[in-house]
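Asks: This structure is in structure tokens; I'll ask about it shortly.
The values are calculated or read from the model by the stated rules, or taken from the named source; none is laboratory data. The model shown is predicted, which means the values in this text are computed figures rather than measured ones. Glycine gets a Cβ as well: all are built from the backbone with ideal geometry, and neighbour counts include every protein chain shown.
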Amino acid sequence: MAEAWLVLVTGVLMAVVAPVAGISAADAVSAAHERQFQDRHSVSAVLTEDPPARVSVDSTGGSAARVHATVRWTAADGTARTGETAVAPHLKAGDRTTAWLNGHGVLLRDPVSPSEARVESIAIGTVAASGTCLLLLIGERAGTALLNRRRAAQWEREWAEIDPWRRGHRLG
């Protein structure tokens, strides 16, 4: 009976808590990305060197098609700055590109696109929900093991009470 209740409670918790954990984690990641998007701004930058050659390039133009190269831009205070960021692989030294700075004017090496942020939020939410289910299942298995241990100990006590060989008595 206790084992049936344990399974039922675990199932209900999985149905309620796991989705809440997944949605909460996804919302937290999404909110963090939103803050990043609000704090960043673009500047026009010039490549100071040719980007490294790429063996294979994603033809869809996604982030996989980007390489890291050194760029130069003018900061808000008028000073020239350089740093490394992700750029399209077909660019050459002297070409203009867009670079992204955070709210403090620091160059973002690998800025996240909104679609990448959405995918990351979904992935983190899925992992959180799955991890919650796994923890609940581990708890249910541990509870079942404890119940089985308790049953075995009770069975041993009862058997010791009725087994004449264990009490040191012989029949007939």
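Asks: Quick one: which of Val106, Val119 is more than 30 Å from Ile23 (Cβ to Cβ), free of Cβ contacts under 8 Å to residues at least 40 places away in the same chain and out of contact with any helix residue (DSSP H, G or I) (no Cβ under 7 Å at 6 or more places or on another chain)?
Replies: When all the criteria are applied, what remains is Val106.
Asks: Now a separate question. If you take just the strands (runs of 3 or more DSSP E) that sit entirely in region 42-157, which of them hold at least 3 residues that are of a type in the set (Lys, Arg)?
Replies: On the way: elements: 67-74, 80-87, 96-101.
The strands (runs of 3 or more DSSP E) meeting that bar number zero.
Asks: Give Ala76, Ala123, Ala129, Ala117 a once-over and let me know the one that is modelled with pLDDT of 90 or more, surrounded by fewer than 15 Cβ atoms within 10 Å (Cβ to Cβ) and either of a type in the set (A, V, I, L, M, F, W, C) or in contact with a His (Cβ under 6 Å, 6 or more places away or on another chain) (or both). Reasoning before the result, please.
Replies: Details: Ala76 fails: modelled with pLDDT of 90 or more; Ala129 fails: surrounded by fewer than 15 Cβ atoms within 10 Å (Cβ to Cβ); Ala117 fails: surrounded by fewer than 15 Cβ atoms within 10 Å (Cβ to Cβ).
None of the other options fit; the residue is Ala123.
Asks: Right, something else. Exactly one of (1) in contact (Cβ under 8 Å) with a residue 40 or more places away in the chain; (2) of a type in the set (Gly, Ala, Ser); (3) touching a Leu at 6+ places or on another chain (Cβ under 6 Å) is unmet by Gly83. Its number?
Replies: The single condition Gly83 does not satisfy is (1).
Asks: Take the conditions in contact (Cβ under 8 Å) with a residue 60 or more places away in the chain and part of a helix (DSSP H, G or I) and apply them to Ala26. Does it pass?
Replies: Numbers: in contact (Cβ under 8 Å) with a residue 60 or more places away in the chain: yes; part of a helix (DSSP H, G or I): yes.
When the stated conditions are applied, Ala26 passes them.
Asks: Which ones in region 69-90 are under 33 Å from the mean Cα position of the chain (by Cα) and not charged (D, E, K, R)? Walk me through how you get there before you give the answer.
Replies: Taking region 69-90 as the starting set, the residues that turn out to be under 33 Å from the mean Cα position of the chain (by Cα) are 69-71, 82-90.
Scanning region 69-90 gives Ala69, Thr70, Val71, Thr82, Gly83, Thr85, Ala86, Val87, Ala88, Pro89, His90.
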